[in-house]
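I have placed the structure first, in the form of structure tokens, so that the comments after it can refer back to it.
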Amino acid sequence: MLIRLSDKDYRFPRAEFALREPNGLLAVGGDLHPERLLNAYRNGIFPWFTEQDPPLWWSPDPRAVFTPASLHCSRSMQRFRRNTHLRVTLNRDFAAVIQACATLHGERDATWITADMQQAYCDLHQSGHAHSVEVWQGDYLVGGMYGVAQNRMFCGESMFHRVTNASKLALLSFAEAFFDAGGQLLDAQVPNPHLESLGMQEIQRAQFLHLLREDQRTNAQIATEFWRCRELPHI
């Protein structure tokens, strides 16, 4: 049964109650208040809807993730990384990244990164919860990704590229740095061939939720210093 959220209560039903068809749809309604968004991620839930829809909240099964062991860089990508002049940064221009994701995805389909969605995640960025990765060709933004940090997990939301391999470079560079800093899991939400080429694996929602809750129980954190605005190595 699809559950309707209260406008006055930021709590969510358990993700295990999500529908099988469409896969992972859990609830409808509510808003994009920062506390509601953070509560969603704490419970393995994320928003995904178009401007024509009310807010829709999802927790699919299985779940697409990256782990330190699964992350994969092909030989061709290794060569690209050695030879590229592209630069990768962290938290240099969050607003530009989410706007680019909305624009480029919108060219192909009705984007779910609405103006309200962009503002909500920019607010999360300002409060230190959402982060961006940028790929630069000179001074021109040519790729990137953004998402929400939860203890030692990072929940990726969207990525884009304007030149070949830019989004792959963003993900690989960030994931390597994140895992080196103690990160345990990078949530990619739903699978696609682009992510599979980088080592994405699918796990059952029950396993994902167990890992999420165990991470919250231990309350281990990535050092705040990790998230400072800086350039990331890409080799």
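The values are calculated or read from the model by the stated rules, or taken from the named source; none is laboratory data. Since this is a predicted model, take the numbers as computed values, not measurements. Note that we place each Cβ from the backbone using ideal geometry, even for glycine, and neighbour counts take in every protein chain shown. Please note that ligands, DNA and RNA were not included when accessible areas were found on the heavy atoms of the full protein model with its side chains. Shrake-Rupley method; radii C 1.70, N 1.55, O 1.52, S 1.80 Å.
For the chain, set up a GNM with springs between Cα atoms under 10 Å and report which of Phe46, Phe17, Phe94 has the largest fluctuation.
Looking only at Phe46, Phe17, Phe94, the biggest GNM fluctuation is shown by Phe17.
Could you give the length gained on full extension between Ser197 and Tyr140, defined as 0.36 nm per residue of separation minus the Cα-Cα distance, in nm?
On the way: separation 57, 0.36 × 57 = 20.52 nm, distance 2.59 nm.
That pair, Ser197 and Tyr140, stretches by 17.9 nm at full extension.
For the range 36-134, compute the orientation-averaged projected area of the C-alpha convex hull (one quarter of its surface), in nm².
Values: hull surface 34.5 nm².
Across all orientations, the range 36-134 yields a mean hull projection of 8.6 nm².
If each residue of separation counts as 0.36 nm, what is the full-extension length gain between Met1 and Ile235 once their alpha-carbon separation is subtracted? Mind dumping the intermediate values first?
Numbers: separation 234, 0.36 × 234 = 84.24 nm, distance 4.79 nm.
This chain segment gains 79.4 nm when fully extended.
Using a 1.4 Å probe, what is the accessible area per residue for the chain, in Å²?
Details: 11320 Å² over 235 residues.
I get 48 Å² per residue for the chain.
Please compute the volume of the convex hull spanned by the alpha-carbon atoms of the range 25-92 and report it per residue in Å³.
187 Å³
The range 185-235: which trypsin sites (Lys or Arg not before Pro) are DSSP loop and have at most 11 other beta-carbon atoms within 10 angstrom?
Details: sites: Arg205, Arg213, Arg217, Arg228, Arg230; in loops: Arg228.
Taking the range 185-235 and a limit of 11 other Cβ atoms within 10 Å, the loop trypsin sites (Lys or Arg not before Pro) found are Arg228.
Give me the percent relative contact order of the chain, please, defined on Cα pairs under 8 angstrom at least 6 residues apart.
Working: 436 pairs, mean separation 57.0, N = 235.
Relative contact order for the chain comes out at 24 percent.
Starting from the eigenvalues of the Cα gyration tensor, five times each then square-rooted, give me the equivalent ellipsoid semi-axes of the range 95-235, largest first, whole Å. Could the numbers behind the result be given before it?
Values: eigenvalues 109, 61, 55 Å².
So the equivalent ellipsoid measures 23, 17, 17 Å along its semi-axes.
By DSSP, what percent of the beta bridges with both residues in the chain are antiparallel, rounded to the nearest 5? Display every interim value, and only then the final one.
Details: 34 of 40 bridges.
Of those bridges, close to 85 percent are antiparallel.
May I ask for the Rg/Rh ratio of the range 1-52, computed from Cα atoms with Rh as the Kirkwood radius, given to two decimals? Present the calculation step by step, with values, prior to reporting the outcome.
Values: Rg = 10.5 Å, Rh = 11.4 Å.
Expressed as Rg/Rh, it is 0.93.
Based on DSSP, what percent of beta bridges with both residues in the range 136-235 are antiparallel, to the nearest 5?
Working: 10 of 13 bridges.
Expressed as a percentage, antiparallel bridges in the range 136-235 total about 75.
Round to a whole number: what % of the accessible area of the range 1-99 belongs to carbon and sulfur, probe 1.4 Å?
C and S atoms contribute 50 percent here.
Using only the alpha-carbon atoms, what does the chain span along each of its principal axes? Please give whole angstrom values in decreasing order.
Between the extreme Cα coordinates on each principal axis of the chain lie 52, 35, 33 Å.
Could you check which residue among Asp215, Asp116, Asp31 shows the biggest mean-square fluctuation in a GNM of the chain with a 10 Å Cα cutoff?
Maximum among the listed residues: Asp116.
Between Thr84, Thr103, Thr224, find the one with the highest GNM mean-square fluctuation for the chain; connect C-alpha pairs within less than 10 Å.
Sorting by GNM fluctuation, first place goes to Thr224.
Work out, step by step, the length gained on full extension between Asn83 and Ser127: first 0.36 nm times the residue separation, then minus their alpha carbon distance; give nm to one decimal. Working shown, then result.
Details: separation 44, 0.36 × 44 = 15.84 nm, distance 3.63 nm.
So the chain would gain 12.2 nm between Asn83 and Ser127.
Using the basic label-point model (7 angstrom from Cα toward the beta carbon), what is the Glu35 to Glu16 distance in nanometres?
It works out to 2.7 nm between the two label points.
Relative contact order for the range 142-235 using alpha-carbon pairs under 8 Å, separation at least 6, rounded to a whole percent?
Values: 99 pairs, mean separation 29.8, N = 94.
Over the range 142-235, the number comes to 32 percent.
To check you understand DSSP bridge types, tell me what percent of the beta bridges within the range 1-139 (both residues inside) are antiparallel, rounded to 5. It would help to have the intermediate numbers written out before the result.
Values: 9 of 12 bridges.
Of all bridge pairs located within the range 1-139, approximately 75 percent are antiparallel.
How do 167-174, 136-143 rank on mean C-beta neighbours within 10 Å, highest first? Intermediate values should be presented prior to the final figure.
On the way: 167-174: 25.0, 136-143: 15.9.
Descending mean neighbour count gives 167-174, 136-143.
Determine the shape class of the range 94-168: with a ≥ b ≥ c the square roots of the Cα gyration tensor eigenvalues, call it rounded for a/c under 1.5, and otherwise prolate if a/b is greater than b/c, oblate otherwise. Please report the intermediate quantities before stating the final value.
On the way: a/c = 1.73, a/b = 1.25, b/c = 1.39.
Note, shape of the range 94-168 comes out oblate.
Rounded, prolate or oblate: which one fits the range 171-235, using the alpha carbon gyration tensor with axes a ≥ b ≥ c (rounded when a/c is under 1.5, else prolate when a/b beats b/c, else oblate)?
Numbers: a/c = 2.93, a/b = 1.11, b/c = 2.64.
In terms of gyration-tensor shape, oblate.
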